[in-house]
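First comes the structure, then the notes that go with it.
The values are calculated or read from the model by the stated rules, or taken from the named source; none is laboratory data. Remember, it's a predicted structure, so these values are computed and weren't measured experimentally. So basically every Cβ, Gly included, is an ideal-geometry build from the backbone, and we count neighbours across all protein chains shown. Each accessible area value is taken on the protein alone, full model and side chains, heavy atoms only, with ligands, DNA and RNA left out. Shrake-Rupley method; radii C 1.70, N 1.55, O 1.52, S 1.80 Å.
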Amino acid sequence: MTDTGCGRFSVGAAPLSPSLSVSLQAQAPASAPGSGSAPGSAGRLGDASGIGAAAGTGDAAGTGAAAGTGAGIGAGRLTISPAVIVERIERVRSWMVESDLSALVVFASPAVLGARSDSVALVRYLTGWMTTALPAVVVLPLTGRPVIVTVGPHDTRAFELRASWLAEVVSAGRVSSYPSQVAAALRDCGATGRIGTGGFGEVPGTLLPALLTTLESYPLIPSDAALHMMRLRKHPEEVEMHRMAAGISDAMIRAAIDGATVAGMTGAHLMADVEHAGRVGGAATPTAWLAIGERPATTCMEPMELDAAIGPADRVQVGTNLSYEGYFGQGMRIGVRGAPSALLRRYADILTDIQDEVLAIMRPGAALHQVSDVLESAIDRHCPYRREEDPFRFQSCHGLGLSYIEPAMAADLDVRCDSNANPVEMVANMVIEVHPNFTVPELGHIVAGDMALITATGAEWLTHFPRGICQL
């Protein structure tokens, strides 16, 4: 996973500026939300423009109306509506004015990197989409249409399908031509003075020198931190994306639990079945780890580690990782063949109790670092090892969003960082993965993981697969 470090940012996004409400709203499809639709209702893809005619006509729950029959896209896919994208652009432009920026240049790695990239989140935030296999660049001027620079016919077609209502989509033909296309976009929009940059930490070494040379006449202002902070305040439509991701995670775990009962099943085969369930559910880059054995010591992410058949008394622990329309989801469960021991049952209950203790303190306005503080304190009460001495333990919680580990939440939820300096506050619609895990000598590594949504008054679980031990 990406190491986001322990940097600190100011809290809150810049307010919308009415004077910067440019013509993007008029450019959005006529079916976009805002005409008699329920607030916060996500759109579903339908017509050939890539933004379905059903968008914004959803029910009060904010789940969108019936799916259309899309051209080149599976019918029924839930998407972020044009109105929300326009709102984001306006928010970013308000911040650009305050920061004296004439344009913003954002690079994104291929979305296939999944949890290993944060730059993908930036382009998805600005356009509602990011292609799978090749990088892209967005040039956002202070006024006028953004420009999306892609590579070839597949990437260009996908961006045109999803974002041509918003931006000009330019096919560069090859990645090495990106700098010249960025230069043309800046020249055409009349950008002068300071340029904000995003995602430049992930620009490949072969491309970065040429890109920086292209921009050498502009003062460059790294803008990742500000953009990540803006993403903390989620629209209700984004919550629906996380609900979809949570449901897919539950289905992946069901595939693991069901598959683990099959005689002769190997871990490698089970991993393939779990990841396939994620794809069937509509997830991008669904992956799973497994820990198999009577006392599993660690998690295994490579099929070559899992060639053996599951034993008659083995535990099968599973963790999912996936995204739906860029929004991440995750869940973790314990299954066991045969009767679970009294000690395993006891610690399974402890894991659930720890999760519920943490959920109880989540509420808008509270310091985000309290989640990690309470979680780590509860683990310390029950784990026979201190964290630094535990044979195997991974981070116990993290923020979920368009990044697997939300960068603006990372410092407050990482026990390795100082959580008392300029703390971030919890806000409604934040999503936090809570997965207490630690080692017990007689049991090996144990874990439970669920997605928590902060609501207007508290918090609730988004994942709903039964907690505790699954007897296989």
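Remarks
- Averaged per residue, segment 63-206 has 34 square angstrom of accessible surface, using a 1.4 angstrom probe with ligands and nucleic acids left out.
- Whole-number percent relative contact order across segment 345-461, with pairs defined as alpha carbons under 8 Å at least 6 apart: 33
- Hydrodynamic radius of segment 343-394 per Kirkwood, over alpha carbon pairs, in Å: 12.1
- Local charge for HIS242 was computed over the other residues whose Cβ lies under 11 Å away, with Lys and Arg +1 and Asp and Glu -1, and equals -3.
- At R0 = 41 Å, FRET efficiency that the Cβ-Cβ distance of GLN471 and ARG386 yields, to 0.05: 0.80
- Per-residue extension of 0.36 nm, minus the Cα-Cα distance of ALA367 and SER341, leaves a gain of 5.5 nm for this segment.
- Percent breakdown of C-alpha pair distances by 10 Å bin, ordered from the shortest bin, for segment 314-472: 11, 41, 35, 12, 1
- Surface share of carbon and sulfur [accessible, 1.4 angstrom probe, percent] for segment 137-239: 56
- Of the accessible area of segment 353-395, computed with a 1.4 Å probe over protein heavy atoms only, carbon and sulfur atoms account for 48 percent.
- Highest-first arrangement of 257-267, 404-414, where packing means the average Cβ count within 10 Å: 404-414, 257-267
- Additional length obtainable on full extension of the chain from ARG416 to SER176, 0.36 nm per residue less Cα span: 82.5 nm
- Sequence-separation-based contact order of segment 103-177, relative, with Cα cut under 8 Å and 6+ spacing, percent: 27
- Protein heavy-atom accessible surface, 1.4 Å probe, per residue over segment 277-434: 38 Å².
- Relative to the globular-protein estimate of 2.2 N^0.38 Å, the Cα radius of gyration of segment 184-308 stands at 1.63.
- With distances taken between every two different alpha-carbon atoms, segment 144-252 has a Kirkwood hydrodynamic radius of 16.4 Å.
- Nitroxide proxy distance, nm - points 7 Å out along Cα→Cβ at ASP353 and VAL97: 5.5
- Contact order, relative form, for segment 332-403: 24 percent (alpha carbon pairs under 8 Å, 6 or more residues apart, mean separation divided by residue count).
- Segment ALA225-ALA308, extension gain: residue separation times 0.36 nm, minus the distance between their alpha carbons: 25.4 nm
- Label reach from GLU168 (point 7 Å along Cα→C-beta): in segment 128-151, amide nitrogens under 17 Å belong to 137-151.
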